[in-house]
Amino acid sequence: MSIILDKVNYVYSEKTAYQIQALKDISLKIEDGEFIGVIGHTGSGKSTLIQHFNGLMRATSGGIYYQGQDIYDQDFSFHKLRGKVGLVFQYPEHQLFETTIFADVCFGPKNQGFRKKEAELKAFTALRSVGLPEDYWYRSPFELSGGQKRRVAIAGVLAMEPEVLILDEPTAGLDPKGRDEILDQVAKLHQERQLTVILVSHSMEDVAKYVERLIVMNQGSVLFDGTPQEVFSHYQELESVGLAAPQVTYLMHDLRKHGIQVKGNATTLEEAKHSILQAFAEKGKPIC
Amino acid sequence: MKFIEARKLIHEYIRRDEEGNVESILTALDEVDLDVKQGEFVAILGHNGSGKSTLAKHLNVLLRPGGGTLWVDGKDAEDADNLWAIRQNAGMVFQNPDNQIIASVVEEDVAFGPENIGVPTDEIWKRVEKSLKSVGMIQYREHSPNKLSGGQKQRVAIAGVMAMEPKCIILDEPTAMLDPNGRREVLEAVEQLNKEKDVTIILITHYMEEVIYADRVYVMDNGKVVMQGTPRGIFSQVDTLKDYRLDVPQITLLAYELRKEGLQIPEGILTRQELVEAICRLY
């Protein structure tokens, strides 16, 4: 019963000529320890949605409950909530500002009111967990590559020891290896600490590979909510809202059209490989 | 005809301390040779920090060569007198569309470039119309750019470059911030300009799927060109690419994995169609 959204609406520039309803009656339940992907085209409401989770944006109507508590209740502390729900923005490296990487990561816990020593201990653990080599720690964050900077920014959020980690397109602009490194690291954190992870992404291949549950946003509403296999089987509807399925999902459909009996709706490379090899095996045809 | 010819091009970023003493030297381009013919579609791949963007910024002389020679459109890039002529013929599109749009109406934004180089007003409007049509954005000519999607904004930015009537457009990760639809829109616009208007395209990207349709691919690592060839030739070397922190399109990788399992699938499969055909032949 981690986070519950109950009929959340959000309207930008309400009661003006520019009024836009960015979220429409969103009801969602996010359980502890889930790994969730959020996809949707630009302007579908993804970023607006995730900023509600830690109270950065206040719903125009509707309720949000964190661990059963109404976050809009007068006694509820947003300050504490933001320590529990960590948000990594797009291009988080633009927010690095300290003279050394270590100092930058200490900033969060210090701000939460921890003493210097405690903050440093948390920073130490966080930097370790994102896999940045120790000889980098006392350099300026601006000397790092794009992927490394992004890991420092993620460490800055992890140092606050959140229960929920939200990442808004953490791999935009990174090279393929950098993309894999960041996402592998996040998946590891999810597994080792039962961290709830919400990943906003434009890469269908990435979400198919990593997440357990996929939420598709369209025009401020939830269009689909299910496992990647379920969601990507609606590939035609996804295309009509500016999205797509992973390439291998299309391949499975094409193969079936050509009379090859591949089973299941593969969404990842591994699944596709398995289905194709199995189809050959079932036909009793030797593969080499 | 050659449009770009670089020989042993070098660029160093030199960092100095407060007294002006050299603290460190980073060689971003290390004797790069590059040849691009007029009308070619060339893609440049490489990990973050490999020197791709530094190279791109040389091609329209935003940066000057630190060594070696660079000729663009038959002009020496080292000669300061050629600066404006080169920039007019080699337009640049950057990653973030929001940083490139300056006017409050789409058509005014597109008109900014030609107006700046003193094109007569009638001609400006003709060019604006033509370039907005060529990227499929003519119906938005009187809209505010703020209300456009990322892909639309990026296409307006491309139209702005087109209005200068360049022979070449250099795109530095133009789709990094876009959703799948936006990516497709931008790439289709780019391919069309290349095919129909014979504009030379240089595309820098991290998305392997986007280079499938390029004529040639260069791969950079540590400031050097380490691989070059057709997309098919480059993507059949899966392991080498991984060493350079790169990847291959998902379909190519699947074909590669299936080959490892013993299926007799040819090397360098690029598209879904090709893989389906290859599997059907074996089945």
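Average partner chain C-beta neighbours within 10 Å, per residue of A:34-43? If you can, show how the numbers build up before the last one.
Values: counts 0, 0, 0, 0, 0, 2, 1, 8, 11, 5.
Neighbouring Cβ atoms belonging to other protein chains average 3 per residue here.
What are the equivalent ellipsoid semi-axes of chain A, built from the alpha-carbon gyration tensor (square roots of five times its eigenvalues), in whole angstrom, biggest first?
35, 27, 16
Tell me, what ³J(HN,Hα) does each residue in the range A:11-16 have, in order and in whole Hz, if you take phi through Karplus 6.51 cos²θ - 1.76 cosθ + 1.60 with θ = phi - 60° and put x for Gly and Pro?
Couplings: 10, 7, 6, 4, 6, 10 Hz.
At q = 0.11 Å⁻¹, work out log10 I(q)/I(0) for chain B with the Debye formula, treating every Cα as an identical point scatterer and leaving solvent out; two decimals please.
Here log10 of I(q) over I(0) equals -0.69.
Top mean-square fluctuation among B:R15, B:R259, B:R184, Gaussian network model of chain B, C-alpha springs under 10 Å?
B:R15
Filter the GluC sites (Glu not before Pro) in the range B:86-172 down to the DSSP loop ones having no more than 15 other Cβ atoms within 10 Å, then list what survives.
The qualifying sites are B:E142.
Treating only the Cβ atoms of Lys and Arg (+1) and Asp and Glu (-1) as charged, compute the dipole magnitude of chain B about its Cα centre; round to the nearest 20 debye.
Approximately 600 debye in magnitude.
Check the straight Cα-Cα distances from B:K130 and name the lysines below 21 Å, setting aside those fewer than 8 residues away within the same chain.
B:K153, B:K167, B:K195, B:K197
Per residue of A:267-276, how many C-beta atoms from partner chains lie within 10 Å of its own C-beta, taken as a mean?
The mean count of partner-chain Cβ atoms within 10 Å per residue comes to 3.
Please report the orientation-averaged projected area of the range B:28-98, defined via the convex hull of its C-alpha atoms, in nm².
Quarter of the Cα hull surface area: 5.5 nm².
Which whole-Hz couplings ³J(HN,Hα) result when phi for each residue of the range A:263-269 is put into the Karplus expression 6.51 cos²θ - 1.76 cosθ + 1.60, θ = phi - 60°, listed in order with x for Gly and Pro?
After applying 6.51 cos²θ - 1.76 cosθ + 1.60, I find 9, x, 9, 5, 10, 10, 4 Hz.
Would you calculate the separation in nanometres between label points at B:Q192 and B:Y283, each defined as 7 Å from the Cα along the Cα-to-beta-carbon direction?
3.5 nm
First measure r as the distance between the Cβ atoms of A:S13 and A:K84, then evaluate 1/(1 + (r/R0)^6) with R0 = 25 Å and state the FRET efficiency to the nearest 0.05.
Computed FRET efficiency for A:S13 and A:K84: 0.25.
Could you check the spin-label model distance between A:R193 and B:R16? Points 7 Å from the Cα along Cα→Cβ, value in nm.
Label-label distance for A:R193 and B:R16, simple model: 4.5 nm.
First check a/c for the range B:177-216, with a ≥ b ≥ c the square roots of the eigenvalues of its C-alpha gyration tensor; if it is under 1.5, answer rounded, and if not, answer prolate when a/b is larger than b/c or oblate otherwise.
Oblate, because a/c is 1.5 or more while a/b does not exceed b/c.
Just list whichever of A:K15/A:K84; A:K209/B:K52; A:K177/A:K209; B:K37/B:K126 have alpha carbons separated by over 24 Å in the model shown.
A:K15/A:K84; A:K209/B:K52; B:K37/B:K126
Rg and Dmax of the protein assembly as shown, using alpha carbons, in Å: what are they?
Every Cα atom of the protein assembly as shown included, Rg and Dmax give 25.2, 76 Å.
Could you work out the pair-distance distribution P(r) of the range A:1-133 from its alpha-carbon pairs, with 5 angstrom bin width and percents rounded to whole numbers?
In whole percents, the pair-distance histogram is 2, 8, 15, 18, 17, 15, 13, 8, 3, 1, 0.
What spacing in nm lies between the two simple spin-label points modelled at B:K37 and B:Q264, each 7 Å away from Cα in the Cβ direction?
With each label point 7 Å from Cα toward Cβ, the separation is 3.5 nm.
For chain B, with the dipole built from +1 on Lys and Arg beta-carbon atoms and -1 on Asp and Glu ones, taken about the Cα centre, which of B:L282, B:A189, B:L83 lies farthest toward the positive end?
Ranked along the dipole, the leading option is B:L282.
Normalised by the empirical 2.2 N^0.38 Å for globular proteins, what value does the Cα Rg of the range A:1-70 take?
Dividing the Cα Rg of the range A:1-70 by 2.2 N^0.38 Å gives 1.13.
About its Cα centre, how strong a charge dipole does the protein assembly as shown have in debye, to the nearest 20, once Lys and Arg get +1 and Asp and Glu get -1 at the Cβ?
700 debye
Ranking request for peptides A:141-154, B:151-164: highest mean number of other beta-carbon atoms within 10 Å first, then the rest in descending order.
Values: A:141-154: 20.9, B:151-164: 26.5.
Ranked by mean Cβ neighbours within 10 Å, highest first: B:151-164, A:141-154.
Inside 10 Å of the C-beta atoms of B:257-270, what's the mean count of C-beta atoms belonging to other chains?
Rounded to a whole number, the mean comes out at 2.
Under a Cβ-only charge scheme (Lys and Arg +1, Asp and Glu -1), can you give me the dipole magnitude of the range A:184-288 about the Cα centre, in debye to the nearest 20?
Numbers: 10 positive and 13 negative charges, 78 e Å.
It works out to roughly 380 debye.
FYI, it's all coordinate maths here, none of it is from the lab. Treat the numbers as computed from the prediction; the structure is a model and nothing was measured. So basically every Cβ, Gly included, is an ideal-geometry build from the backbone, and we count neighbours across all protein chains shown.
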